[in-house]
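The next block holds one structure in the form of structure tokens; read it before the comments.
Just so it is clear, none of the values below were taken in a lab; they were calculated from the coordinates. The structure presented is a predicted model; accordingly, all values stated were derived computationally and were not measured. Every residue, glycine among them, receives a Cβ derived from its backbone with ideal geometry; neighbour counts consider all protein chains shown.
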Amino acid sequence: MKTKLAFRHKKDEIKGPYRYTACGLDNVYLLNGYELYQLEDGEGVSVRDLEDLHCAIGRCLAKQDGPLQPKELRWFRLHLDWTQDKLAEILACTSEAVTQWEKGECAPSEKNDLFIRLLYLDHIDDGAGFQTLLERLRQPASQPPTSWMMDQAAA
């Protein structure tokens with residue numbers, strides 16, 4: 001069982017824990033910053049500054065110890081707004097591997113786990129680092145070297 005993650009909004013008084021499963025994770029609790037209301041078919045919730053809350057959740061997940069759990073991997077992918085195919089392309093693996101990670105059938109390597117965390121942190125900080133680097137790596141060099149080149153026969 002993962003540790004409970006509790007979040008509170010800076011501008012509201014503590015109300016009491018509300019289990020926030022709508023984010024897709026089972027261990028996230030809100031201490032305030034939410035309003036509950038009755039709907040015809042059950043209870044509804046309104047969350048204050050939802051985007052900021054999701055960034056706080058993401059930062060917490062990215063910095064926690066231990067490997068990411070399947071729901072956490074999926075959470076990162078969805079908040080990066082990527083398909084399984086897109087994440088697989090970035091990590092140079094197969095979409096089947098990403099599916100297996102998200103189902104808990106196997107785990108990503110430590111490097112891929114770390115890279116997913118870094119990609120998310122880069123994403124919420126305006127993508128100035130890793131995203132730009134990834135795009136530059138995928139583009140052909142603007143000017144090929146004039147005096148040296150890789151010898152295909154030796155490679």
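Please arrange F76, F7 by how many other C-beta atoms lie within 10 Å of their C-beta, fewest to most.
F7, F76
A protection proxy built from the mean count of other Cβ atoms within 10 Å ranks the segments 78-85, 116-123, 12-19, 36-43, most packed first, as 116-123, 78-85, 12-19, 36-43. Considering only G16, L30, A62, the residue lying farthest towards the positive end of the dipole of region 1-65 is A62, judged by Cα position with unit charges set on Cβ. Remark on D12: its backbone amide H falls under 5 Å from none of the residues 5 or more positions apart or on other chains, H modelled at 1.01 Å from N. Pairs exceeding a 28 Å alpha-carbon distance, out of K10/K111; K15/K103; K63/K103; K11/K63; K4/K86: K10/K111; K15/K103; K4/K86. Summary value for region 1-65: 25 percent relative contact order, contacts being C-alpha pairs under 8 angstrom separated by 6+ residues.
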